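The values are calculated or read from the model by the stated rules, or taken from the named source; none is laboratory data. No experiment lies behind these values; they were computed from the predicted model shown. Note that each Cβ is placed from the backbone with ideal geometry, even for glycine, and that neighbours are counted across all protein chains shown. For accessibility, only protein heavy atoms count, side chains too; no ligands or nucleic acids. Shrake-Rupley method; radii C 1.70, N 1.55, O 1.52, S 1.80 Å.
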Amino acid sequence: MPIDPLLPDVAATARQRGAVVLRAPPGAGKTTRVPVALLDAAGVRNASAPEAPGTASPGARQQTIIMLEPRRLAARAAARWIARERGSKVGAEIGYQVRFDKRVSTATRLLVVTEGILLRRLQRDPFLDDIGVVIFDEFHERRADSDLLLAMVRRVQQEARPDLQIVVMSATLAESETAAIASYLGNVPVLESDGRHFPVDTHYLDRIDDRRIPDKVADAVVTMLPTTAGDLLAFLPGVGEIERTAAQLRGRQVDIDIVPLYGTLHADQQDAALQPGNRQRVVLATNVAETSVTVPGITAVIDSGMVRRTQWDLNNGMEQLVLTETSQASADQRAGRAGRTAPGTALRLWTERQHSQRASYAAPEIARTDLTAVALQLLSWGERDLSQFPWFEAPPASHVAHAIGLLELLGAIDAHQHVTDLGHALLQIPSHPCVARFLIAASEIAPVHRERVALLAALLEERDPFRSEVRGAVTTSDLLDRLQLAENHARRRDLQGIFRARDQLLGALGEARPAPEQDSTGAGSDAALLQALVLGFPHRLARRRANDPRRAVLASGRGVRLSDRSRVHDEGELLLCHDVHGERDGELLVHCASAIELAWLPQALITTHKRTVFDTQRDTVVGRQEQRFAGLVVRTTDTGAVDATSAATCLAEAAAGDVYRALPLDNDPCAAFLARLRWLRGQMPELQLPAFNEAELIELLPGICSGQRSFRDLQRLPLHEILQAQLPYPQQQALQREAPEHYVAPSGSRIRLQYEADRAPVLAVRIQEVFGLAESPRLAGGRVPLVLHLLAPNYRPQQVTDDLASFWQGTYFEVRKELRRRYPKHPWPEEPWNARAIRK
């Protein structure tokens, strides 16, 4: 393979510099050759068996190589090809792991995975302790998860694992982008290889053809078949176009095998498409066949020039699949498929002039996609400020902010962007956080119907298999209609992928949230499922327009319109929009929706007639009235009355933003109490005393603010008493016993002790008042002696000691001489440890 002469340099550079960037065009052999070269260049151990102490040779840390592929099809194909070349079976030395499929054993040394697998591995093992090399294949696709993983792995390498090697491989990255990646990885070398391909004769249309894509592609297939001896590969934007093109070809009775190839196709059918056929074939594929895999026997390519990509819109907070033109680089990749095994021909179904006007490269996915899942991954990984995360190319800040807002709305993170228990549970489910939130909510509302819940979640994630089958009367939910169809046709072959997804989600749900013992609501009905959907997709709620029930307004304020495919006509005032793509007259088209009842909505999404807010100018709670729809304020007026509960909540929220200004933490009683508490907490951790730090104080604010209206009110509170009351009685006793506020001297005087962090407490006392005390008093269970500031009768310090016995036996007699002369009326006994203490 063309890449072979470069392999020693790749392995040596990765080992010496920690990273290397490899630019190699299609056919060079990078996917199958580079991981093997790295495997053979250094000792690596398998992913499952931890290294026994003392078994590694000096300087050689045996670890697994992971190669990241953007698609399941590519991961399986690469692992099988490499294993075959190594003379082994998949799952032995060479393994793979993708969703729904895993071939790995204790012998596996090279593991080919998809992005989601590596992300979950990073959550379990943040330092990738058992990984020696991470290979990013086909990085030019710039998928959001690939960008995320590159940044995460690079951070691991920089902060914890300098021995971790990174290899970034690409076929069509621009030179400037290649150089940028090399710089990002520490100015590492860029190695380039020639490709191996046969000449491809590329043709364009003479004039613009505005017909539907299936019509154009079917005609082109019929025209090109007689001109090529090999198989033909046609690129189409989606499954719908593939099915319609296949139907046209069958209708024309073309004597060929028609082979579909797309991401959600059953794995067996995908693998069959990568095997040579017995007669001429037409492979109808999405962009899964564009990179990473080789479809054998292809000598002709027809390119529709279109692709469906996710496009996230900040204005409405929704992600859609958008039909868009491919880039010039993508067109080159597709055309190159015709020249992998023999000279070939490529036909582009657009004009050469149109080609010159296309973008050179597609925009990175991370700049145009929903970042909710990405943000949750990073926050759970330990990132606190996503704006400071060291991206290779940072996403728009507005997209990140929206993702954070949606995660808060879902309950996945708190106001401080700390991941909640629910957020961690969402991460255990291999789905978008919204789908995972629905799963958990529905399983709790209807625990005895978990299989139905998981099937509905799978329908939400997978391509709609019933687009042309839902007919009949008007219903309250297009989605539940599809659920019923799926349940009634469980044995249909085209539904097996959805049922596999259901089973996986069901297993993940069991790990994330075990099933409750009882169905406390008796739910499981359609209403329960729809209620859970609202919890999972609150940002997709819409309100019908009064003058047209097929039109509505999203919570974001964007207009939507029910398409002809939706059977939800005028049932209910509220809609939940499931499948949204396309536009008509400036409004988004909703193809699948559900009618929602007002009673099902979380409080946060209901119009609030009265709202209490905090006036920062006066530091006080005031009442306002707002007409809102799912966060959209349409009118605001001031009101007079504020109920006590709302006032307390609002004040607590305001105080949480500036606890130290809001609460009287610096006044003498409170400061003294906190000093005692925190000192004892450090000395006796077994008591498990709270620190009443900022986070703990914020948790207490709702109770503290009860009945209060302003920061001035809070400043008047006896905060030390409130905080002490938060301690269980045994802790209160321990605090009083081991770190008392006062010390009762032998004279009977109650003297306040002075506490400071990391220092022994101080007792300032006149010498006469501790006569009869043989040794220094001790606190914290006898662990810490008091520091005595021994005072003369005029209350001026004469001696500082934490060893009173030694003072009596030594220094006291020198002090006694001086003080006896100055204060002859005061007693100065020769044996003060046996003398009677004098108070006055």
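Where only DSSP H runs of four or more residues are counted, the chain gives -10500 deg cm²/dmol as its mean residue ellipticity at 222 nm, each run worth -39500 (n - 2.57).
Averaging Cα coordinates gives a centre for the range 180-248 and one for the range 734-810; these two points are 87 Å apart. Per residue, the solvent-accessible area of the chain (1.4 Å probe, heavy atoms of protein chains only, all protein chains present) comes to 45 Å².
Looking at the square roots a ≥ b ≥ c of the eigenvalues of the Cα gyration tensor of the range 357-506, which shape do they give, rounded for a/c under 1.5, prolate if a/b is larger than b/c, or oblate? Please report the intermediate quantities before stating the final value.
Details: a/c = 2.46, a/b = 1.51, b/c = 1.63.
Verdict is oblate for the range 357-506.
With a ≥ b ≥ c the root eigenvalues of the C-alpha gyration tensor of the chain, is it rounded (a/c under 1.5), prolate (a/b larger than b/c) or oblate? The partial results should precede the final answer.
Values: a/c = 3.01, a/b = 1.80, b/c = 1.68.
Prolate, since a/c reaches 1.5 and a/b exceeds b/c.
Note on SER398 and ASP40: their simple-model spin labels are 5.3 nm apart, each label 7 Å out from Cα toward Cβ. Accessible surface of the range 328-412, 1.4 Å probe: 49 percent of it comes from carbon and sulfur atoms.
The range 639-671 and the range 698-716 have their alpha-carbon centroids 4 Å apart.
Between the amide H of PHE389 and any residue lying 5 or more places away or on another chain, no distance stays under 5 Å, with hydrogens modeled in the peptide plane.
Measuring nothing but protein heavy atoms, the accessible surface of the range 521-590 at 1.4 Å probe radius is 42 percent carbon and sulfur.
For ARG15 and GLU597, compute 0.36 nm times the residue count separating them, minus their Cα-Cα distance, and round to one decimal in nm. Before the final figure, lay out each step's value.
On the way: separation 582, 0.36 × 582 = 209.52 nm, distance 6.09 nm.
Here the segment from ARG15 to GLU597 would lengthen by 203.4 nm.
How much of the accessible area of the range 122-233, probe 1.4 Å, is carbon plus sulfur, in whole percent?
Numbers: 2310 of 4840 Å².
The C+S portion of the solvent-accessible surface of the range 122-233 is 48 percent.
I'd like the antiparallel share, as a percent to the nearest 5, of DSSP beta bridges with both residues in the chain.
Values: 54 of 113 bridges.
In the chain, approximately 50 percent of DSSP beta bridges are antiparallel ones.
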